[in-house]
Amino acid sequence: MSAVPVLQTRGIVRDYESGGLFGGRRVVRALKGIDLSVERGRTLAIVGESGCGKSTLARIITMIDAPTAGELLIEGKTIDIRAGVPKAMRRKVQIVFQNPYGSLNPRQKIGDVLGEPLKLNTPLSAAERRDKAMQMLLRVGLGPEHFNRYPHMFSGGQRQRIAIARSLMVNPELLVLDEPVSALDLSVQAQILNLLQDLQDEFNLTYVFISHDLSVVRHVADDVMVMQMGEVVEYRPRDAIFAAPEHPYTRVLFAATPRIDLARIRARLAAKSARVAAAG
Ligand code: ADP
Ligand code: MG
């Protein structure tokens, strides 16, 4: 059985037009023909400096925004946003942003935040939705006492757990994670990365993981795509690219990255939770 990639793009272009106040329209080509492919259960990391087009690509992959040209395929099916995307297709691709607070309604309790995607996408009853929301809340490492709390009562890391839980409520195939840990403290970053890894294994999820932080990328990626000014300059398996970055831009990017040892932090956390488990 040769598998169809969960995600493919072919020649994706995205232009932004800025209407000049004094006439003269300017076109910014934010994406200049992006080709990529991600198999089920794998993680593609996209790296590059601010402004290189990562979030623009994320919005196109998640069908929030249409490309100017090029083709997006989900599970081998061509997506045409302008023609309308069926709900069943939209459900398959979910996004998690850097700052979940911006996407959480401050007046909505967490249980309702998690139940809402089910309300929109499934025929489940209110009781069934509550049940599933509670299960997911526990699955991402929060407690039953959090069910009736409001977003402002949570830490940044907890909010990111909530955003991840919400994205998983409709059983997606593909998660696009746009700088999901960039706003968090290092130890919290490691916890969230561990959680994402566990969830990926459990649900056989496919990830597009966007980050400007190579120490994070090194730990999550199967493949790494390096972008510069809307173009892919290097796209190879993680070990190959970290062992010997080929493109001059990749080398500059890699040289500029401080080596924060997430592996050590993760090992420490694993040891700690093993101790806690043994003690309990
Ligand atoms: P990144 O996520 O890598 O920081 P973005 O995708 O946000 O980059 O932006 C890529 C380029 O497109 C930048 O030059 C940015 O200014 C431009 N851009 C992004 N969104 C818009 C928009 N809505 N209108 C006009 N230009 C935009
Ligand atoms: Mg961005």
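The values are calculated or read from the model by the stated rules, or taken from the named source; none is laboratory data. Because the structure is a prediction, the values reported are computed rather than measured. Note: ideal-geometry Cβ built from the backbone for every residue, glycine included; neighbour counts use all protein chains shown. Accessible surface is based on the protein model in full, side chains and every heavy atom, while ligands, DNA and RNA are left aside. Shrake-Rupley method; radii C 1.70, N 1.55, O 1.52, S 1.80 Å.
Scanning segment 167-194 for residues that are assigned to a loop (DSSP other than H, G, I, E, B), closer than 24 Å to residue 112 by Cβ and more than 16 Å from ligand 2 (Cβ to nearest atom) gives 169, 170, 171, 172.
For segment 146-164, name all the residues that are over 19 Å from residue 199 (Cβ atoms), open to solvent by 40 Å² or more (accessible area, probe 1.4 Å) and touching a helix residue (DSSP H, G or I) at 6+ places or on another chain (Cβ under 7 Å). Give the derivation first.
Residues of segment 146-164 that are over 19 Å from residue 199 (Cβ atoms), as a first pass: 147-153, 155.
So of that shortlist, the ones also open to solvent by 40 Å² or more (accessible area, probe 1.4 Å) come out as 148-150, 152-153, 155.
Within segment 146-164, 148, 149 meet the criteria.
Every listed requirement among (1) open to solvent by 10 Å² or more (accessible area, probe 1.4 Å); (2) in contact with a Gly (Cβ under 6 Å, 6 or more places away or on another chain) is met by residue 68 save one, (2).
Screening residue 265 with (1) modelled with pLDDT under 95; (2) under 29 Å from residue 70 (Cβ atoms) gives one miss only, at (2).
Going by the structure shown, is residue 31 within 16 Å of ligand 2 (Cβ to nearest atom), aliphatic (A, V, I, L, M) and assigned to a strand (DSSP E or B)? Criteria met by residue 31.
Which residue is nearest to residue 167 (Cα to Cα), if the candidates are limited to segment 74-119 and must be open to solvent by 30 Å² or more (accessible area, probe 1.4 Å) and among the hydrophobic types (A, V, I, L, M, F, W, C)? I'd like the intermediate steps shown before the answer.
Residues of segment 74-119 open to solvent by 30 Å² or more (accessible area, probe 1.4 Å): 75-78, 80-84, 86-88, 90-92, 94-95, 97-99, 101-103, 105-109, 112, 116, 119.
Retained after the next criterion (residues that are among the hydrophobic types (A, V, I, L, M, F, W, C)): 81, 83, 88, 95, 97.
Values: 81: 20, 83: 24, 88: 15, 95: 7, 97: 10 Å.
Among those residues, the one meeting the criterion is 95.
Within this structure, residue 29 passes the test of being over 23 Å from residue 181 (Cα atoms), open to solvent by 60 Å² or more (accessible area, probe 1.4 Å) and within 16 Å of ligand 1 (Cβ to nearest atom).
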